[in-house]
Amino acid sequence: MTTLRSVIAYLASMIRCAGIVYIVVEVVIWHSFYAAVPWHLAAPALAVAWGAAMVVYLRWYPPSPVVACVDSAVYVALALGAQACVPPGTRDSAFSWLVIAMSGQLIVPAWYWYAPGALPVLLALASPLAFWAGAMLQPVTDARALAGAAILLLVIGLVHGGGRRLLYGRAAAADADLDRADQAVREQYAILCRNIERREHERLVHDTALNTLTSVARSGGSVAEVVARCRQDVALMEAALSADDLVPVPARPSADLGGEVRAVVVGLRDRGLTVHLEAEDTAGAAVPAPVVRAISNAVREALSNVAAHAGTGEAWVTVRSMTLGGEAGAPCRLLVVIRDRGAGFDPSRVDQARLGLRRSITERTAECGGQASIRSAPGQGTEVSLSWPAPGQPDAGHPAGPTLARGGPSW
């Protein structure tokens, strides 16, 4: 509806401009008539001045109730009193400057959308009636031409009114459809957000409480160690659940990914896993906070799997970044690799009911716009590669850029 109103206002101003040009041309053609009686120029001069004022107004504002009524009143007054200022040769013709000016004016009251339904009709009918009445006050040279001009004005008003009703009805229906679609999208977005939040909560429970209970059941441990791990799990869950941006959103600078991974490594070292860390400084990289959280949590789960299943007490973690643009805050690509030389496993035979690899690593990384790849074989250890953005995806703000090796470094 807003677009249609803007188009109508633009067309109205263009039609008024064409009417002004026509009035000037007709005055020039009939210069002898106006030179003989100079006061005859008063009416066309008024029509040109008012048309120019309306052009300026319509280019900046939609017609208000007062403006539409005043505009119609001006042209009704011209129709009643300006017939004597029209050259006799065109006075009763549909091509007189008065008829052309009035036909261009009819678009405003006919398309006047703020008024009640009856008012635009009355304003549109007022012009042809006023033209007929004003013409009858002067000597009629051609009654048929006069009737044709009045009928022309009436038809123009009716066509504008019919077009207004048809197009505005369709525009209103389109707006209603857009509103319904927007509401449906908002509802689906809310459902998506809740699902993402629910899955993240499930991952947190798996990454903390379930891993801790499984580890205690398998290896036992002192009471102090169990209490310390439980406290770490509670602190992690409180910190994650208190965050309000579980849904990945771009554009907010985050904490250093290297620092987050170091904190994860420290926590796993406290649990007895020897972790060798090689981390580049990523503090100046423009990485969204949800991405940092997702990757660091995926690193924690990968290291927890090493401690619980690899049969080795040693792992290697590498954090690399490639800043695009060479300046702080520029978009970048990240690659995090977690490797161990433990027992390994066959990825094709992993139980689908297990959440660690599928949800806590693969889905979590994918939901933030990254990609996780897991390479392992029995007796050959395991390598987990986390990359962001996913290979083949352009960086935010950049149509394309260099990519890191998809398989990560060779060990």
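The values are calculated or read from the model by the stated rules, or taken from the named source; none is laboratory data. Bear in mind that the values here come from a model prediction, so they are computed numbers and not experimental data. A quick note on method: Cβ atoms are made from the backbone with ideal geometry, for glycine too, and the neighbour counts reach across all protein chains shown.
Here are the numbers for the structure shown:
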read-out: Any hit, segment 13-30, residues being of a type in the set (Phe, Trp, Tyr), more than 46 Å from the chain's Cα centre (by Cα) and either surrounded by 13 or more Cβ atoms within 10 Å (Cβ to Cβ) or within 19 Å of Leu153 (Cα to Cα) (or both); value: yes
read-out: Gly51 vs. criteria assigned to a helix (DSSP H, G or I), touching a Lys or Arg at 6+ places or on another chain (Cβ under 7 Å) and touching a residue at least 60 places away in the same chain (Cβ under 8 Å); value: no
read-out: When residues of segment 157-173 are limited to those that are in contact (Cβ under 8 Å) with a residue 40 or more places away in the chain and farther than 12 Å from Trp111 by Cα, the one surrounded by the most Cβ atoms within 10 Å (Cβ to Cβ); value: Ala171
read-out: Matching entry among Ser93, Ser72 (being over 18 Å from Leu41 (Cβ atoms), part of a helix (DSSP H, G or I) and out of contact with any Gly (no Cβ under 7 Å at 6 or more places or on another chain)); value: Ser72
read-out: Some residue of segment 112-131 being among the small types (Gly, Ala, Ser) and more than 20 Å from Ser64 (Cα to Cα); value: yes
read-out: Any hit, segment 174-184, residues being surrounded by 13 or more Cβ atoms within 10 Å (Cβ to Cβ) and at pLDDT 85 or above; value: yes
